[in-house]
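Working notes for the structure below.
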Amino acid sequence: MSKTKICPVCGYDQSRDAARYPALARVRANSALFTAHGWEELNRRLSRIEELLARLCAAQGLIPADPPSAEEKEKPREQADFPRQREAPPRTEAAPPGQEEWDGWMLTDGGLRLSYTKPVPEQVVVPSALHNKKVRRLAVDALRCSGAREAVVSEGVREIGAYAFAECPELERVTLPDSLAELGAHCFARSPQLSVLYLPASWRGRTEEIKKTDLPEGCVIKYLL
């Protein structure tokens, strides 16, 4: 049998016959890699590498990255390796060809809707005209998913499209004009904070149409005089 030859770093048996005995590779517990001296040597070499890297950056006029602090070193690996999740950017939509846009509103064939190219204020006033063009309809999904707390639809608007005020988590009050003739289905769906809906007096008794709007439970309907 040949003389055993052990690697001083990893403890690998270099004298084994890998072709005949592939499972005989072993690592000794007292190999240099797992001793205190081995760890000290490794840390010394890493420190030397960092020093040389700093000199190289200084020679080339580069700014080396700051070394991690003690707190960052103690963080779990999962937190150190993956960046923090960032908030989704606000939705921005430009007016498609053939459509007109003014001051955060987009006028389409289906009616008026927010363009989301500007921040949505807490109180949204839906205009009845834009640049001498009358607005008769609030489009489908017009204010959907917006952060408005109150919405006031101006006199002259006759129709509210489906899901126009749906999924507005902070919406609390909506005021609709006397000119209102039609409310779209599910226009208040999943807007849980909606507490007051102002409707024109002409809508008294139109219960079935109001039910189709999916008003949240507890919302109070007040009829304007």
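Taking amide H atoms as placed 1.01 Å from N in the peptide plane, the amide H of T213 lies under 5 Å from those of H186, each 5 or more residues away in sequence or on another chain. Amide H contacts of L171 (H built 1.01 Å from N, in plane; Pro and chain starts excluded): Q193 sit under 5 Å, all sequence-distant by 5 or more or on other chains. Scalar couplings 3J(HN,Hα) for the stretch 208-215, obtained by applying the Karplus form with A = 6.51, B = -1.76, C = 1.60 to θ = phi - 60°, are 4, 5, 5, 4, 5, 7, 6, 5 Hz; x denotes Gly and Pro.
Spin-label model, E209 to E41: label points 7 Å out along the Cα-to-beta-carbon direction sit 8.9 nm apart. For W105, the solvent-accessible surface with a 1.4 Å probe is about 20 Å², rounded to the nearest 10. Amide H to amide H distances under 5 Å link V126 with V152, V153, S154, where only residues 5 or more positions off or on other chains count and H is placed in the peptide plane. If you sort K118, K212, K133 by accessible surface, 1.4 Å probe, largest first, the order is K212, K118, K133.
Our coupling estimate for the stretch 131-142, obtained by passing each phi through the Karplus curve with A = 6.51, B = -1.76, C = 1.60 and θ = phi - 60°, is 6, 6, 10, 6, 10, 10, 9, 8, 5, 4, 6, 4 Hz, Gly and Pro reported as x. Compactness of the stretch 116-222 was expressed as the Cα radius of gyration divided by 2.2 N^0.38 Å, which yields 0.98.
Along the charge dipole of the stretch 161-225, which of L194, T207, L180 sits closest to the positive end, that is, farthest toward it, with unit charges on the beta carbon of Lys, Arg, Asp and Glu (+1, +1, -1, -1)? After comparing all options, I get T207. The HN-Hα couplings worked out from phi for the stretch 170-175 by the Karplus form 6.51 cos²θ - 1.76 cosθ + 1.60 (θ = phi - 60°) are 10, 5, 10, 9, 9, 10 Hz, whole numbers, x standing for Gly and Pro.
Normalised size of the stretch 123-171, defined as Cα radius of gyration per 2.2 N^0.38 Å with N residues, equals 1.12. Rg/Rh for the stretch 173-216 stands at 0.92; both radii use Cα atoms, and Rh follows the Kirkwood definition.
The values are calculated or read from the model by the stated rules, or taken from the named source; none is laboratory data. From a predicted model like this one, the values you see are computed outputs, not experimental measurements. Cβ coordinates were reconstructed from backbone atoms using ideal geometry, including for glycine residues, and neighbour counts include every protein chain displayed. Ligands, DNA and RNA are excluded from the accessible area calculation, which covers all protein heavy atoms including side chains. Shrake-Rupley method; radii C 1.70, N 1.55, O 1.52, S 1.80 Å.
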